[in-house]
Amino acid sequence: MPDGDRAVNRAPRPAPRARERSDLSWARRPGPTLALRLIRAVMRLAYRLLGRLRVEGAANVPRTGPVILAPNHVSAADWPAVGVAAPRALWFMAKAELFSMPVLGPLIRVCRAFPVRRETADRAALRATEALLAEGEAVVIFPEGRVSEDARLQPLKSGVALLALRTGAAVVPVALLGTERLLPFGAHMPRPVRKPVVVRFGPPIPLEDLRAPEQVGGTHRDALEEATRRLEGALRALLAGKG
């Protein structure tokens with residue numbers, strides 16, 4: 001996820017207008033396709049057989065309205081784990097390099113992923129996400145921006161906070177435990193695990209007081225930093241089993 005401070009650092013603005021989304025017609029498809037439903041069914045079975053998948057806190061995910069799911073990132077197996085565990089259809093922000101890969105590129109497109117150019121101020125990715133959230137969709141964004149090689153939580157980028165404050169979307173922290181054993185960093189094939197893979201959804205993070213920081217004597221940079229701190233704290237608590 002691109003660093004929000006580099007992307008835009010100004011007052012919250014309304015969701016993008018229709019003309020700004022004219023090149024984002026893909027974001028207004030009616031819903032999951034038959035192919036996506038079949039892929040999800042196969043993935044769900046694979047996670048149950050290989051990962052002994054356990055889902056916790058699914059009731060914390062709002063069933064309607066704009067939502068950003070913000071998981072930690074420890075494995076290439078993370079995004080499908082969130083996809084099969086979530087109680088609603090999702091979109092995924094994924095690094096642009098994946099879309100040019102054989103097999104994987106077409107697969108993630110069917111799974112409703114869209115590209116982001118990492119380490120840049122990718123305004124196209126921001127507009128795409130804002131368009132989806134304006135339509136009441138749920139979007140998965142990994143706030144660390146990349147996979148952790150040692151499975152420890154890395155410093156978070158501020159992009160999730162930026163989008164949440166600009167759009168009013170709820171932010172649900174998601175702890176992923178054990179996906180790094182199912183598909184270790186650098187591996188290409190999953191392997192069965194004895195200890196269950198856990199997808200743990202936390203309650204939405206309260207951010208309402210940060211959406212008008214000037215009213216409480218703060219700045220928008222302060223609001224971004226505080227929102228990011230709250231997300232990091234929520235993720236650490238969930239990873240420790242305290243959420």
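Assess whether Ala138 counts as being among the small types (Gly, Ala, Ser), under 21 Å from Ala161 (Cβ atoms), touching a strand residue (DSSP E or B) at 6+ places or on another chain (Cβ under 7 Å) and modelled with pLDDT of 90 or more.
Here the answer is yes, as Ala138 does meet what is asked.
Given the criteria under 23 Å from Pro184 (Cβ atoms) and either among the hydroxyl-bearing types (Ser, Thr, Tyr) or at pLDDT below 55 (or both), does Ser75 qualify?
Against the criterion (under 23 Å from Pro184 (Cβ atoms) and either among the hydroxyl-bearing types (Ser, Thr, Tyr) or at pLDDT below 55 (or both)), Ser75 qualifies.
Which members of segment 100-123 meet the condition of being of a type outside the set (Val, Ile, Thr), within 17 Å of the chain's Cα centre (by Cα) and surrounded by 15 or more Cβ atoms within 10 Å (Cβ to Cβ)?
Across segment 100-123, the qualifying residues are Arg109, Cys111, Arg112, Ala113, Phe114, Pro115, Arg118, Asp122.
List the pairs whose first member sits in segment 155-167 and is on the phi < 0 side of the Ramachandran plot, whose second member is hydroxyl-bearing (Ser, Thr, Tyr), and whose Cβ atoms are under 8 Å apart, counting only residues at least 6 apart or on separate chains?
Leu156/Thr228; Lys157/Thr228; Ser158/Thr228; Val160/Thr228; Ala161/Thr228; Leu163/Thr129
Scanning for something surrounded by 13 or more Cβ atoms within 10 Å (Cβ to Cβ), in contact with a helix residue (DSSP H, G or I) (Cβ under 8 Å, 6 or more places away or on another chain) and modelled with pLDDT under 90, does segment 206-217 turn up at least one residue?
Yes, some residue in segment 206-217 is surrounded by 13 or more Cβ atoms within 10 Å (Cβ to Cβ), in contact with a helix residue (DSSP H, G or I) (Cβ under 8 Å, 6 or more places away or on another chain) and modelled with pLDDT under 90.
Out of Arg37, Arg88, which single residue is under 17 Å from the mean Cα position of the chain (by Cα) and over 25 Å from Glu149 (Cβ atoms)?
Arg88
Looking at Ala70 and the list (1) crowded, with 16+ Cβ neighbours inside 10 Å; (2) in contact (Cβ under 8 Å) with a residue 24 or more places away in the chain; (3) part of a helix (DSSP H, G or I); (4) touching a helix residue (DSSP H, G or I) at 6+ places or on another chain (Cβ under 9 Å), which single condition is not satisfied?
It is condition (3) that Ala70 fails.
Any idea which of (1) modelled with pLDDT of 95 or more; (2) surrounded by 21 or more Cβ atoms within 10 Å (Cβ to Cβ); (3) farther than 20 Å from Ala86 by Cβ is the one Val197 doesn't satisfy?
(3)
For segment 38-67, how many residues are surrounded by fewer than 17 Cβ atoms within 10 Å (Cβ to Cβ) and more than 21 Å from Pro192 (Cβ to Cβ)?
Of the residues in that region, 7 qualify.
Tally up the residues in segment 144-174 that are under 12 Å from the mean Cα position of the chain (by Cα), under 15 Å from His220 (Cα atoms) and β-branched (Val, Ile, Thr), please.
Matching residues across segment 144-174 total 1.
Among the listed residues Arg181, Arg229, identify the single one that is surrounded by fewer than 22 Cβ atoms within 10 Å (Cβ to Cβ) and without any contact (Cβ under 8 Å) to a residue 12 or more places away in the chain.
Of Arg181, Arg229, the one residue that is surrounded by fewer than 22 Cβ atoms within 10 Å (Cβ to Cβ) and without any contact (Cβ under 8 Å) to a residue 12 or more places away in the chain is Arg229.
Considering only segment 105-123, state which residues are of a type outside the set (Val, Ile, Thr) and either at pLDDT below 90 or assigned to a strand (DSSP E or B) (or both).
Ala113, Phe114, Pro115, Arg117, Arg118, Glu119, Ala121, Asp122, Arg123
The values are calculated or read from the model by the stated rules, or taken from the named source; none is laboratory data. From a predicted model like this one, the values you see are computed outputs, not experimental measurements. Methodologically, a virtual Cβ is constructed for each residue, glycine included, from the backbone with ideal geometry; neighbour enumeration extends over all protein chains shown.
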